[in-house]
2 protein chains.
Amino acid sequence: MSEMKYCFGVDLGGTTVKMGFFQADGEVLDKWEIETRTENQGENILPDIAAAIHAKLAERGVCREDVVGIGMGIPAPVNKEGVVNGSANIGWGYKEVKRELEELTGITSVIGNDANVAALGEMWKGGGQGYKNLVVVTLGTGVGGGVIVDGEILVGTNGAAGEIGHICVDYNETDKCGCGKTGCLEQYASATGVVRLAKRRLEGNTDETVLNMDSISAKDVFDAVKAGDKVAIEIAEEFGRYLGYGLATVSAVVDPDIFVIGGGVSRAGEILFGFVEGPYLERAFFAQKEVKFALAELGNDAGIYGAAKLALS
Amino acid sequence: MSEMKYCFGVDLGGTTVKMGFFQADGEVLDKWEIETRTENQGENILPDIAAAIHAKLAERGVCREDVVGIGMGIPAPVNKEGVVNGSANIGWGYKEVKRELEELTGITSVIGNDANVAALGEMWKGGGQGYKNLVVVTLGTGVGGGVIVDGEILVGTNGAAGEIGHICVDYNETDKCGCGKTGCLEQYASATGVVRLAKRRLEGNTDETVLNMDSISAKDVFDAVKAGDKVAIEIAEEFGRYLGYGLATVSAVVDPDIFVIGGGVSRAGEILFGFVEGPYLERAFFAQKEVKFALAELGNDAGIYGAAKLALS
């Protein structure tokens, strides 16, 4: 019998489930995806994942006893017992995810919130390597966050720590966030938020710019910034001001070593930091001005790496 | 030889050092104070504390070997190695506090930030008993905070986690906080902050009120609230709005079970919660609306209890 041990890292999303089969030393042996079947309150999701795991073990000739665990990130707050109280994206109501997945697979499972799990992945193998206190900020359709303290995910009472997209950074805002509140960081620093800022700026604009408010993405804005477009630079400054202010607030609470910035907006690259650092320093508590900024490195794989790390911990 | 073990809890402040001598089961045997001699960069402070500890052991006939540790809270950010980089209140510059105190006493010492240590005390023996995820908010001359996650102090990279008095809750503020920034929670929710809000409201006021802007304290404001004074109620509403907004931000980051409110302003009692809870709910992320609020119970003793707990951990 082999001495080698294995684990699975699973990243459950609204359209696909990303899966990784890992050696216990962290080397990934296989990555693949299956469909997320959300119909009927998502009743097929866990059986589909279990079937994929069993198929992979059969394909590889690995027996279940050599698998130390399954880690899984899911798009909902989840408590330490692996229980969720509803996840709109995938159709679940109350669900004992850990218990069900363990019953289906016979393998110890650890469940975490997807943003938190991705943060763990970035600490382990990505932009946060070498640090134990980090905050991963994911600037995607929304703004997600994951807080790692002393190498472990800060889960929170309701599994909702690190919800930094819903920190208020503008108490004068009148537009509503998807969460129903106003002035959330997500309204300015997500990909959709950047587009919103751009449209506001371009409304009735007479200054010269390559940007076209009828067809604009966050990428368009930052591409224009790189080309020296002054209007785009103003939009990026506004984005950076809100994000910098929000991160100064996060520092006041958890005082991290480093912010690791990921998600679609972060593909703009290090140019982002030039817009964020100034406002951060303006609002940061004196002891927290030396914080570092880095780009996330694992992209869409952060979730499976973090889930594997969760299984191995 | 006795089987009983002991510890010391020390709360170092700018004018006095509060000291407690505890049994390892948490019972306090003695509480007393000594002067904080801040002259000459505070060079006498640690020797004075060590002398007080030696004297107490001699008085009690306890030998050093039966003391499991000394815990101490100090008014400065301090890292996990017990090193501070300056504390204006007591005259210290860079100081290896843990090492020096251990050399002076021969007893293992653990050093924490005073607000964090007081939070640990409230979890152990005060308003946060029974909870493992709590945030203690101290509304005194300033606003201090201590974040406890899974029963342990969240220290932060620079020892400055929980600096929630310096979260920005008003980006339009023009008055400066003591820290040099503007719009800090401390400018509205500390005892001095409440007075500032009161003076703003009373400037040119023509409405009937018992408040007198030439001689006013936070206590005056809340006493007037209890008497039904409408102007005082408006001031308390403004205080509560800022505090509720700030705590909603804290929840988004660390998602606690409970906020434990202490410090001089909290002597107004549970009436405070009526002003804080509405604004909290208005700004809190949906998963965090069930958070609890409680009053701190240990008053000035929170620091020595928390320090003792630190020594015992």
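The values are calculated or read from the model by the stated rules, or taken from the named source; none is laboratory data. This structure is a prediction, so every number in the text was calculated from the model and none was measured. We place every Cβ from the backbone using ideal geometry, glycine too, and count neighbours over all the protein chains shown.
Quick notes on this structure:
- Filter result for B:Val276 (in contact (Cβ under 8 Å) with a residue 60 or more places away in the chain, surrounded by 24 or more Cβ atoms within 10 Å (Cβ to Cβ) and β-branched (Val, Ile, Thr)): no
- Restricting attention to region B:24-74, the residues that are under 12 Å from B:Lys5 (Cα atoms) and among the acidic types (Asp, Glu) total 4.
- Among residues of region B:1-18 being in contact (Cβ under 8 Å) with a residue 60 or more places away in the chain and within 22 Å of B:Gly142 (Cβ to Cβ), the one that is surrounded by the fewest Cβ atoms within 10 Å (Cβ to Cβ) is B:Gly14.
- Test: residue in region A:140-156 that is in contact with a helix residue (DSSP H, G or I) (Cβ under 6 Å, 6 or more places away or on another chain) and in the same structural domain as A:Thr15 (by TED's automatic domain parsing): no
- Matching entry among B:Gly162, B:Gly180 (being closer than 23 Å to B:Glu282 by Cα, outside any helix (DSSP H, G or I) and within 14 Å of chain A (Cβ to nearest Cβ)): B:Gly162
- Residue check for B:Glu35: without any contact (Cβ under 8 Å) to a residue 40 or more places away in the chain and either polar (S, T, N, Q) or not assigned by TED's automatic domain parsing to the domain that holds B:Ala160 (or both): yes
Residue-wise test of (1) assigned to a helix (DSSP H, G or I); (2) at pLDDT 95 or above; (3) not aliphatic (A, V, I, L, M).
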{"site": "B:Asp25", "(1), (2), (3)": "no, no, yes"}
{"site": "B:Asp30", "(1), (2), (3)": "no, yes, yes"}
{"site": "B:Leu57", "(1), (2), (3)": "yes, yes, no"}
{"site": "B:Glu65", "(1), (2), (3)": "yes, no, yes"}
{"site": "B:Gly86", "(1), (2), (3)": "no, no, yes"}
{"site": "B:Tyr94", "(1), (2), (3)": "no, no, yes"}
{"site": "B:Lys98", "(1), (2), (3)": "yes, yes, yes"}
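Rundown of residues vs (1) surrounded by 20 or more Cβ atoms within 10 Å (Cβ to Cβ); (2) over 21 Å from A:Ala284 (Cα atoms); (3) of a type in the set (Ser, Thr, Tyr), yes/no style:
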{"site": "A:Ile90", "(1), (2), (3)": "yes, yes, no"}
{"site": "A:Glu103", "(1), (2), (3)": "no, yes, no"}
{"site": "A:Thr108", "(1), (2), (3)": "no, yes, yes"}
{"site": "A:Asn113", "(1), (2), (3)": "yes, yes, no"}
{"site": "A:Gly127", "(1), (2), (3)": "yes, yes, no"}
{"site": "A:Thr141", "(1), (2), (3)": "no, yes, yes"}
{"site": "A:Glu152", "(1), (2), (3)": "no, yes, no"}
{"site": "A:Val155", "(1), (2), (3)": "yes, yes, no"}
{"site": "A:Glu173", "(1), (2), (3)": "no, yes, no"}
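- Here A:Tyr245 passes the criteria (1) of a type outside the set (Val, Ile, Thr); (2) under 23 Å from B:Tyr171 (Cβ atoms); (3) away from chain B (no Cβ under 14 Å) except the one numbered (3).
- Test: residue in region A:213-227 that is more than 22 Å from A:Gly299 (Cβ to Cβ), within 14 Å of chain B (Cβ to nearest Cβ) and either exposed (fewer than 15 other Cβ atoms within 10 Å of the Cβ) or at pLDDT below 95 (or both): no
- Qualifying residue in region A:240-263 (condition: basic (Lys, Arg), surrounded by 15 or more Cβ atoms within 10 Å (Cβ to Cβ) and in contact with a Gly (Cβ under 9 Å, 6 or more places away or on another chain)): yes
- Every residue from region A:155-175 that is modelled with pLDDT of 95 or more and of a type in the set (D, E, K, R): A:Asp170, A:Glu173, A:Asp175
- Options A:Ile70, A:Ile34, A:Ile53: the member that is part of a helix (DSSP H, G or I) and either surrounded by 13 or more Cβ atoms within 10 Å (Cβ to Cβ) or not charged (D, E, K, R) (or both): A:Ile53
- Qualifying residues in region A:253-295 (those that are basic (Lys, Arg) and touching a helix residue (DSSP H, G or I) at 6+ places or on another chain (Cβ under 9 Å)) - the one farthest from the other protein chains (Cβ to nearest Cβ): A:Arg267
- Residue check: A:Gln187 meets all listed conditions (1) surrounded by 19 or more Cβ atoms within 10 Å (Cβ to Cβ); (2) out of contact with any Asp or Glu (no Cβ under 9 Å at 6 or more places or on another chain) but one, namely (2).
- Here A:Phe21 meets the list (1) touching a strand residue (DSSP E or B) at 6+ places or on another chain (Cβ under 6 Å); (2) free of Cβ contacts under 8 Å to residues at least 60 places away in the same chain; (3) farther than 18 Å from A:Thr108 by Cβ almost entirely, failing just condition (3).
- Among (1) assigned by TED's automatic domain parsing to the domain that holds B:Gly162; (2) modelled with pLDDT of 95 or more, the one test that B:Tyr305 misses: (1)
- The residues on offer are B:Val62, B:Val67, B:Val83, and the sole one that is closer than 21 Å to B:Leu312 by Cα and free of Cβ contacts under 8 Å to residues at least 24 places away in the same chain is B:Val83.
- Residues of region B:143-159 that are assigned to a loop (DSSP other than H, G, I, E, B) and within 7 Å of another protein chain (Cβ to nearest Cβ): B:Leu154, B:Gly156, B:Thr157, B:Asn158.
For (1) under 28 Å from A:Cys184 (Cβ atoms); (2) aliphatic (A, V, I, L, M), each residue gets a yes or a no:
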| position | (1), (2) |
| --- | --- |
| B:Thr105 | no, no |
| B:Asn158 | yes, no |
| B:His166 | yes, no |
| B:Cys184 | yes, no |
| B:Ala191 | no, yes |
| B:Leu202 | no, yes |
